[in-house]
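Colleague: Here you go, one structure.
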Amino acid sequence: MWNQFQKSISLSKYSSFGIGGAARYFAEVSDIEKMQEVLRFCYQESLPFHIVGKGSNSLFDDAGFDGLVILNKISFCTIEDCRVSVGAGFSFSLLGSKTARKGLSGLEFASGIPATVGGAIFMNAGANGFEVKDCLQKVSFVDARGALNVYTRDELDFSYRWSCFHEKKGAIVAAEFLLTPRKEAREEQLRIIEYRTKTQPYSELSCGCVFKNPEGDSAGRLIEACGLKGAKVGGAEVSSLHGNFIINTAAATASDVLKLAEHVKTCVKQQTGVDLELELRKIF
Ligand code: EPU
């Protein structure tokens, strides 16, 4: 299998931040059986691996990844009545608009979230008061030995920007969602995308929100109140549109982003007493 992997592939083009060194090995996987085969191989060879979807919410190290980076391209999508069966590599945003156009409600909030279905489940992504867990029914997961497990919603733990997959080694490969018919779904989805494009730096290179919201408040509001919009380290800058976004304006490095995040965290703690916690995941 070694000869099926690409070598020394820059991770910057697989990161929504546009940041990251090279992966020692790289592979694209388009079906569940192949994912099982690749993970079984990694287990046998003790090869560290990391699964990438849209590469948002992740910050790759400037030094790259010393192992195999697997791009999840499992991207089937079938909709029967209100039941959606989808590959983990399918665009979560597209799923939001596709289902809303069919008059199905539950995933309108997904529209504009820069994630794959797998990444959105992993992070229990959310917006506008909704989270992935709300309409999720089943998750298919290939474990680190290559075995396929199907979990029902009740067998899984989710909380704000967290899922039990943070503690499981393997790959989310598919999911099933149960939606409800609602004729206003498309209208609602368009309202959501309009709000997002107005309030977030949608067209810039970023990882989405950098910090989790503290209970009852918005990290972006606090960051703005501390006068940190526009703060810069190297090519990384706190967005002037939304304080909880760091954007890569000019060849930023992972180190620039982390230094800027640390600066923001320190200032917010000093001025407001609030301890911000990173939502961004460091892949180091
Ligand atoms: N606000 C400011 N200044 C800012 C940003 C926000 O004053 O720079 C104020 C807004 O005016 C508003 C309040 O803070 O009154 C909330 O702002 P917003 O609606 O933008 O929501 P948020 O709490 O900042 C959360 C999620 C986003 C999600 C939006 C929309 C987190 C960390 N962020 O942001 O999710 O898109 O709600 O529902 O939970 C993400 O997780 O990556 C993400 C972008």
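Colleague: Would you please give the FRET efficiency between M1 and N149, computed as 1/(1 + (r/R0)^6) with r the Cβ-Cβ distance and R0 = 25 Å, to the nearest 0.05?
Modeller: So the FRET efficiency works out to roughly 0.65.
Colleague: For the ranges 149-159, 28-38, what's the packing order if you count other beta-carbon atoms within 10 Å of each residue, average per peptide, and put the highest first?
Modeller: Packing order, densest peptide first, comes out as 28-38, 149-159.
Colleague: Indicate the gyration tensor shape class of region 79-213 (rounded, prolate or oblate), computed on the Cα atoms with a ≥ b ≥ c the square roots of the eigenvalues: a/c under 1.5 is rounded; otherwise a/b larger than b/c is prolate and the rest oblate.
Modeller: It is oblate, given that a/c is not under 1.5 and a/b is not larger than b/c.
Colleague: Something else now. Compute a Gaussian network model of the chain, connecting alpha carbons closer than 10 Å, and tell me which residue from G170, G129, G146 fluctuates the most.
Modeller: Among G170, G129, G146, the largest mean-square fluctuation in the Gaussian network model of the chain belongs to G129.
Colleague: A follow-up question, please. No solvent, one uniform scatterer per C-alpha: report log10 I(q)/I(0) for region 161-237 via the Debye equation at q = 0.17, 0.20, 0.23, 0.24 1/Å, two decimals.
Modeller: Relative scattering, expressed as log10 I(q)/I(0), comes to -1.09, -1.17, -1.19, -1.20.
Colleague: Turning to a different aspect of this structure: Using alpha carbons only, what's the Rg to Rh ratio of region 139-284 with Rh from Kirkwood?
Modeller: Reported Rg/Rh (Cα atoms, Kirkwood Rh): 1.04.
Colleague: Another question, if that's okay. Who wins for biggest fluctuation among G235, G112, G216 in a Gaussian network model of the chain, springs between alpha carbons below 10 Å?
Modeller: G216
Colleague: Still on this structure, please answer the following. Pick out which of H166, H242, H50 has the largest mean-square fluctuation in a Gaussian network model of the chain, springs linking Cα atoms closer than 10 Å.
Modeller: Sorting by GNM fluctuation, first place goes to H166.
Colleague: Quick one: the Cα spread of region 236-284 along its three principal axes, in angstroms, biggest first?
Modeller: 32, 27, 15
Colleague: Pop out the carbon and sulfur fraction of the accessible area of the chain as a percent, whole number, probe 1.4 Å.
Modeller: It is 47 percent, rounded to a whole number.
Colleague: Using a Förster distance of 41 angstrom, determine the FRET efficiency expected from the C-beta separation of S8 and T78, and round it to 0.05.
Modeller: Working from the Cβ atoms, E equals 0.65.
Colleague: Classify region 14-102 as rounded, prolate or oblate from the Cα gyration tensor: take a ≥ b ≥ c as the square roots of its eigenvalues, call it rounded if a/c is under 1.5, otherwise prolate when a/b beats b/c and oblate if not.
Modeller: oblate
Colleague: I'd like the projected area of the chain, averaged over all directions, using the convex hull of its alpha carbons. Report it in nm² with one decimal.
Modeller: Mean shadow area of the hull around the Cα atoms is 14.4 nm².
Colleague: Calculated FRET efficiency, A63 and F130, Cβ-Cβ r, R0 30 Å, to nearest 0.05?
Modeller: 0.20
Colleague: State to the nearest 20 debye the size of the charge dipole of region 1-113 about its Cα centre, where the only charges are +1 on K and R beta carbons and -1 on D and E beta carbons.
Modeller: 280 debye
The values are calculated or read from the model by the stated rules, or taken from the named source; none is laboratory data. Remember, predicted model here, so these are calculated numbers, not experimental data. So basically every Cβ, Gly included, is an ideal-geometry build from the backbone, and we count neighbours across all protein chains shown. These accessible areas exclude ligands, DNA and RNA; they are computed on the full protein's heavy atoms, side chains included. Shrake-Rupley method; radii C 1.70, N 1.55, O 1.52, S 1.80 Å.
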